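Inspection log for the structure reproduced underneath, given as structure tokens.
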Amino acid sequence: MDEKFVVDTNVGRIARWLRMMGYDTVLFHELDDGLMVKLAMAQGRIIVTKDTGFMQRRAVAMHRVKAVLVSGDDPELQMQKVITELKLNTHFKPFTRCLECNGVLRARDREGIKGEVPPRVYERQEQYMECPDCHRLYWQGTHWEDMHRKLQQFELQTQQAVEGDQR
Ligand SMILES: [Zn+2]
């Protein structure tokens, strides 16, 4: 099953990580928790929040909505928790979603992109993706590599956590 998410604004960084893996992720900005539950139910999304009160809400308690509670302020530890708890595939569909707005990225021709990216980038990068919604351009530069390395780290830690459970 392809998990879909709605991420509470109090753990907004998680939305970027989930989108990085390719998961359809809505970042929820409103203050009304009830609306977040409605959205999650209507669209079959899993809620990610660090609001403990939220977990006591009826729909969550009754398991009509799935929710993951994270804690602390470290986005990487929070992400680790989400991956482990839901057994997410960190290689789901990497780099297919816009990190900023969740749009589904489309490939762009290198030719057509000249002038839209710094010349140094243009010289080195062959492949480009564009978000059709916010028109942000993506390429596999250093930022991409950093996040990719982190994803591999997450995966390793998840494996270790699983092995630890089996002992
Ligand atoms: Zn976008």
Residue check for GLU111: outside the structural domain of THR158 (by TED's automatic domain parsing) and either within 16 Å of the ligand (Cβ to nearest atom) or buried (at least 16 other Cβ atoms within 10 Å of the Cβ) (or both): no
From the options LEU31, LEU99, LEU86, LEU27, residue that is among the aliphatic types (A, V, I, L, M) and more than 17 Å from the chain's Cα centre (by Cα): LEU31
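Being in contact (Cβ under 8 Å) with a residue 24 or more places away in the chain, of a type in the set (Val, Ile, Thr) and assigned to a strand (DSSP E or B) is the requirement here; does ILE47 meet it?
yes
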Residue within segment 140-163 that is within 16 Å of the ligand (Cβ to nearest atom) and touching a strand residue (DSSP E or B) at 6+ places or on another chain (Cβ under 7 Å) present: no
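The values are calculated or read from the model by the stated rules, or taken from the named source; none is laboratory data. The structure displayed is predicted, hence computed values, not measured ones. Note that we place each Cβ from the backbone using ideal geometry, even for glycine, and neighbour counts take in every protein chain shown.
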